[in-house]
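The values are calculated or read from the model by the stated rules, or taken from the named source; none is laboratory data. All values derive from a computational prediction rather than experimental measurement. Please note: Cβ atoms are built from the backbone with ideal geometry, for glycine as well, and neighbour counts cover all protein chains shown.
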C-alpha cells in the first residue's frame, strides 16, 4: 500500500491488486457502550458550566449564550440540552416553537 501511495506522484505503469490499495479499517478498541460512556463523561464539565452560569433560560437568546459557553454550534444546543439537561430544558427554557400547541409562542 505504501508503494502505491509513494508512486501516485510518479507516473507509473505498475498495476496493483485491490488488496494492496484498500485501507483496512482499524478495529474498534472500545465497544459502543464504552464510547458512549466516555462521551458522556467528557460532557460533565460542560453541564457544570451551563448549570453554574447566570444565563436566564426563560428569555429569548439563551441558545446563543449556551453555544458560546460550551463552544458548540447554536443549532446543536437544543438537542444537547434535551439529552443532558432534560428537566431544565422542559421546565425553564424559552422555546420559540411550542410543539404541544402546534404554533409559535
Exercise. Is it the case that the stretch 28-42 has a residue that's in a loop (DSSP other than H, G, I, E, B) and at pLDDT below 70?
Worked result: yes
Problem set entry | Qualifying residue in the stretch 45-58 (condition: over 18 Å from residue 93 (Cβ atoms), over 14 Å from the mean Cα position of the chain (by Cα) and either at pLDDT 90 or above or not in a helix (DSSP H, G or I) (or both)) | yes
For this session: Have a look at 37, 90 and point out the one that is at negative phi, without any contact (Cβ under 8 Å) to a residue 12 or more places away in the chain, more than 16 Å from the chain's Cα centre (by Cα) and surrounded by 11 or more Cβ atoms within 10 Å (Cβ to Cβ).
Result: 90
